[in-house]
Amino acid sequence: MCVIPGLIDAHSHPVWAGDRVHEFALKLAGATYMEVHQAGGGIHFTVTHTRQASADQLLSSLTQRLGRMLRSGTTLVECKSGYGLDLDTELKMLMVIERARRSLDIGISSTYCGAHAVPKGKTVAEATEDIIKVQLPALREKMEQGELSVDNIDVFCEKGVFDLDSSRAILQAGKDMGLQINFHGDELHPMNSAQLGAELNALAISHLEEVTNDGIAAMAKAGTSAVLLPTTAYILRLPQPRARDMLDRGVIVALGSDFNPNAYCCSMPMVMHLACVNMRMTMNEALVAATINAAYALGLSQSHGSLEVGKQGDLLILNSSRWEHLIYQFGGHQELIKYVIIKGNVVYENDKVMDL
Ligand SMILES: N=CN[C@@H](CCC(=O)O)C(=O)O
Ligand SMILES: [Zn+2]
């Protein structure tokens, strides 16, 4: 068998109600992500359903999704809010993530993403003000009272969503209250998000399908990591993120599943496979991106992401003589991962795997 570090998923949106399988059909027929969003679907559809769902309902579906991730080898996952867009629902989502963090084996890094979309009926300026003056202070209070721990702040910095100046103001306000900056940038349009992240000393920027050469250089210089999401480019038929250019110029490249109602994939082994085939990463680079570099993107590389004395004992035991099978066998992880171990304890033993 092979032993490898537990996989780390540096970007996911696993708390929501109302699936969007109907939109998958629209997109297959040619509708773009932004066309669906601007017609009131996409994130807006999920916001409507998530606002209506109870915390218990959200926790129950989150638990199932995190269980699927764990069985696919993920031992630490970043989980975002962002389908509330108002104070009550954002707090409801973050409290659900908190309950999962306290009760489940899988490790969780929690992200406030109240700037995931501009809520219906508000302008960008009004939404920005609500986040900075209402939502963030309420969050800070809950954190100070020990009810909630939030690690990161996120914004969808995109044309037609949050522009560069409003993104800067929100991220800076989050940083001022001690949150790590980890945001969506340069996905559908070149926005100079990479340069903004470097300027703010962001820990990570996700997507980057449209990053420029200057943006790559700025990220490399600042030590801001790139969280690349191969499922998004695949499902939306976007240009692939330029992983090779980033790696060759010294950017720290991590991977994430981007699990959300648009990109329904819980499996980091499948993400690694897509990164190798579509983004031309080597298998070694993909494993590093899904372990130690993903830990770096979450500010946890001192304790997670590699098998070293003094670090947390999160690892996988694979029923294979070469670890590369985990990437090579597309979708085969279900029968390759024999044990998932977190903090030194077996948290999943796979009886579908035949003993050798
Ligand atoms: N691009 C923005 N956010 C998500 C999609 C969220 C959604 O469509 O519900 C992403 O990372 O792909
Ligand atoms: Zn995302």
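Observations, loosely collected:
- Enumeration of residues in segment 58-82 that are under 18 Å from the mean Cα position of the chain (by Cα) and small (G, A, S): S61, G67, S72, G73, S81, G82
- Close pairs from segment 153-175: first on the phi > 0 side of the Ramachandran plot, partner open to solvent by less than 70 Å² (accessible area, probe 1.4 Å) and more than 14 Å from ligand 2 (Cβ to nearest atom), Cβ under 7 Å, at least 6 apart: G160/M34
- Subset of segment 165-189 that is open to solvent by less than 20 Å² (accessible area, probe 1.4 Å) and in a loop (DSSP other than H, G, I, E, B) - its residue that is nearest to ligand 2 (Cβ to nearest atom): E187
- If you go through segment 228-244 and keep only what is of a type in the set (A, V, I, L, M, F, W, C), buried (at least 23 other Cβ atoms within 10 Å of the Cβ) and within 9 Å of ligand 1 (Cβ to nearest atom), you end up with just L229.
- Flag set for M281, criterion: open to solvent by less than 40 Å² (accessible area, probe 1.4 Å), at pLDDT 95 or above, under 30 Å from N213 (Cα atoms) and in contact with a Lys or Arg (Cβ under 8 Å, 6 or more places away or on another chain).
- Close pairs (9 angstrom Cβ cut-off, 6 or more residues apart or separate chains): touching a residue at least 12 places away in the same chain (Cβ under 8 Å) in segment 240-252, exposed (fewer than 14 other Cβ atoms within 10 Å of the Cβ) and charged (D, E, K, R) anywhere: Q240/R280; A243/R280; R244/R280; G250/K221; V251/D245
- Of the residues making up segment 231-256, those that are away from ligand 2 (no atom under 16 Å from the Cβ) and either of a type in the set (V, I, T) or more than 24 Å from G305 (Cα to Cα) (or both) are R237, P239, Q240, V251, I252, V253.
- Restricting segment 1-57 to residues that are part of a strand (DSSP E or B) and within 21 Å of the chain's Cα centre (by Cα) leaves a set whose member that is farthest from ligand 2 (Cβ to nearest atom) is P5.
- When V150, V124, V161 are checked against the criterion of being open to solvent by less than 20 Å² (accessible area, probe 1.4 Å) and either within 16 Å of ligand 1 (Cβ to nearest atom) or hydroxyl-bearing (S, T, Y) (or both), a single residue qualifies: V161.
The values are calculated or read from the model by the stated rules, or taken from the named source; none is laboratory data. Bear in mind that the values here come from a model prediction, so they are computed numbers and not experimental data. Note that we place each Cβ from the backbone using ideal geometry, even for glycine, and neighbour counts take in every protein chain shown. These accessible areas exclude ligands, DNA and RNA; they are computed on the full protein's heavy atoms, side chains included. Shrake-Rupley method; radii C 1.70, N 1.55, O 1.52, S 1.80 Å.
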